[in-house]
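Here is the structure we will look at.
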Amino acid sequence: MPYASPAPARERSPLLLRGELQHRLDTLARAHRVPGAQLVLDTGPEAVVLHTGVADTGTGAPFTEDTAVPVGSLTKPYTAALVMLLADDGDLDLDEPAAEHLPELRQLPEVTIRQLLSHTGGLPTGPDSDAAARTTATRYLSAVCTAPDALFPPGTDFSYSNAGYVAAGRLVETVTGMPWHEAVRALLLEPFGTGPVFVDTAAPGRPVAAGHALNAATGLPRAVRQNLAPLEAPAGALLASAADLAALGAALVGRAKVLPPDTAELMRRPEPGARPGALADGWGAGAALYRQDGRLWCGHDGNAMGTSCHLRADPDSGLVVAFTGNAGAATALWRELASELEELAGVRVPAGIEPVGAGGPVLLAAPATLAECAGDYRNGAIRYRVEPAGAGPATLSVDGDLPIPLRCYADLSYDLIAPDTGRPEPGGRFHRDPATGRIDRVQVSGRTARRAAAD
């Protein structure tokens with residue numbers, strides 16, 4: 001629907017801005033069949049805090065400003081902030097080997113603490129939650145962090161790794177002598193004014209939201225259970241509201257005393273080698289980085305079982321935008337809502353990475369290049385299979401699942417073509433070994449896989 005061109009958020013009537021944003025949040029939540037959502041637009045001097053819908057379709061409990069949502073990987077910047085605070089206190093050095101504190105990493109003696117936080121250490125992602133639930137953190141890390149499974153030399157590339165944040169959480173526990181839950185509660189959540197809730201919290205003490213998936217038979221959302229192994233807590237156990245996430249965002253851009261300004265700046269400073277592809281435009285020591293109109297925003301995305309949560313903060317203006325939604329479809333809601341913030345509030349927010357082909361015509365890869373890309377690749381226990389183009393496009397399958405068509409470009413980047421819509425989605429990139437010229441790795445949605453030895 002058309003809107004008159006508004007003034008920037010800082011110049012508009014807060015009441016008018018609130019009303020328009022509330023209307024769009026309500027409308028888009030219904031359109032995307034998301035039971036409930038929250039939005040915060042915080043300029044520093046003032047904040048608009050909104051919510052809509054229900055927290056749980058089974059109980060009908062309403063979404064409130066204080067409702068805590070499983071934020072998944074948005075737990076990671078909290079764990080990174082804990083490590084950074086320990087470094088600020090002189091308890092550890094970001095550039096020392098993590099194995100100095102964690103014997104479980106002794107097979108990877110060159111991986112530094114900074115590389116754990118920026119996903120540049122070459123660690124595999126780690127096993128799924130069901131497998132992780134059957135072991136301990138020490139055994140988990142000893143099994144995953146091995147020289148044969150390393151994906152690339154530390155500091156030279158990027159691969160998003162839950163295992164790296166399991167290690168970061170163990171580091172916090174080793175240095176502080178406190179369990180991770182206690183450390184994050186005492187050092188971050190309580191100073192932020194965030195009521196602590198974790199996936200395994202029996203009595204939360206504040207309203208919480210369930211994640212939701214669509215029931216295939218009825219087309220209606222149904223509540224789903226969170227599935228996270230206890231040892232994975234530093235990578236994904238936190239529940240928070242959009243207002244809680246906005247408090248973290250304010251700290252990341254230097255507007256809160258919880259994080260010293262120098263520490264916040266280090267978290268968002270681009271790390272060499274951090275090329276996250278489909279996830280972001282760069283990565284710091286704990287914060288994802290998103291480029292928009294010449295500015296480098298920081299933040300993170302998080303998806304738990306049936307939730308989608310997002311944080312963006314602009315260090316130049318101090319603006320913070322936070323969103324939570326209790327359905328997987330909330331990712332599309334967030335992207336559409338973020339695209340409307342320019343019209344509604346005068347701010348352009350980098351919601352996500354665009355497909356390579358979205359920028360216009362791009363030179364496609366030659367058939368010979370596609371043939372070079374074909375083969376099996378491995379990230380820990382995850383197997384990727386790239387099939388060359390025959391009568392149709394090249395395809396990618398993960399652990400034998402349905403192959404997804406690829407649109408490959410001459411620079412070795414590619415988009416994934418959604419089977420249901422035919423639309424391109426950000427995919428990743430193939431890499432050549434600089435010594436041999438052979439394609440030896442593929443990055444898939446931020447995770448790097450190394451060509452299997454059998455090839």
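The values are calculated or read from the model by the stated rules, or taken from the named source; none is laboratory data. Since the model is a prediction, treat every value here as computed from it, not as a measurement. Because the Cβ atoms are built from the backbone with ideal geometry, glycine has one as well, and the counts that use them run over all protein chains shown. With ligands, DNA and RNA removed, areas are computed over all heavy atoms of the protein, side chains included. Shrake-Rupley method; radii C 1.70, N 1.55, O 1.52, S 1.80 Å.
Selection of the stretch 236-257 for residues being modelled with pLDDT of 95 or more, among the hydrophobic types (A, V, I, L, M, F, W, C) and either part of a loop (DSSP other than H, G, I, E, B) or out of contact with any Cys (no Cβ under 9 Å at 6 or more places or on another chain) (or both) yields ALA237, LEU238, LEU239, ALA243, ALA246, ALA247, LEU248, ALA250, ALA251, VAL253.
Of the residues making up the stretch 173-197, just one is in contact with a Leu (Cβ under 6 Å, 6 or more places away or on another chain) and part of a loop (DSSP other than H, G, I, E, B), namely PRO196. Within the stretch 154-186, the set of residues being of a type in the set (Gly, Ala, Ser) and closer than 19 Å to THR201 by Cβ comprises GLY169, ALA183, ALA186. Does ARG106 count as within 12 Å of LEU231 (Cβ to Cβ), open to solvent by 10 Å² or more (accessible area, probe 1.4 Å) and free of Cβ contacts under 8 Å to residues at least 12 places away in the same chain? Judged against the criteria, ARG106 is not a match.
Here is the figure for the stretch 83-108: residues that are aliphatic (A, V, I, L, M) and touching a Ser or Thr at 6+ places or on another chain (Cβ under 8 Å) total 8.
Counting only residues that are at pLDDT 95 or above and β-branched (Val, Ile, Thr), which one in the stretch 306-359 is surrounded by the most Cβ atoms within 10 Å (Cβ to Cβ)? So, considering only residues that are at pLDDT 95 or above and β-branched (Val, Ile, Thr), the one surrounded by the most Cβ atoms within 10 Å (Cβ to Cβ) is THR324. Against the condition within 26 Å of ARG450 (Cα to Cα) and touching a residue at least 12 places away in the same chain (Cβ under 8 Å), how does LEU116 come out, does it pass? Considered against the rule, which asks whether it is within 26 Å of ARG450 (Cα to Cα) and touching a residue at least 12 places away in the same chain (Cβ under 8 Å), LEU116 comes out as yes.
Applying the criterion of being under 23 Å from THR67 (Cα atoms) and in contact with a Lys or Arg (Cβ under 9 Å, 6 or more places away or on another chain) to the residues of the stretch 204-228, the residue that is most open to solvent (accessible area, probe 1.4 Å) is LEU220. Screening the stretch 393-426 for residues that are open to solvent by less than 40 Å² (accessible area, probe 1.4 Å) and outside any strand (DSSP E or B) and picking the one that is modelled with the highest pLDDT gives LEU412.
Return the only residue of VAL54, VAL49, VAL69, VAL83 being buried (at least 24 other Cβ atoms within 10 Å of the Cβ), touching a strand residue (DSSP E or B) at 6+ places or on another chain (Cβ under 8 Å) and either of a type outside the set (D, E, K, R) or more than 16 Å from PRO260 (Cβ to Cβ) (or both).
VAL69
Of everything listed in (1) within 30 Å of LEU412 (Cβ to Cβ); (2) open to solvent by 10 Å² or more (accessible area, probe 1.4 Å), the single unmet condition for CYS298 is (2).
Using the structure shown, decide if GLY169 is under 26 Å from LEU289 (Cβ atoms), out of contact with any His (no Cβ under 9 Å at 6 or more places or on another chain), at pLDDT 95 or above and surrounded by fewer than 24 Cβ atoms within 10 Å (Cβ to Cβ). Taking the combined requirement at face value, the residue does not satisfy it. Of all the listed residues (GLY72, GLY90), the sole one being in contact (Cβ under 8 Å) with a residue 60 or more places away in the chain and on the phi > 0 side of the Ramachandran plot is GLY72.
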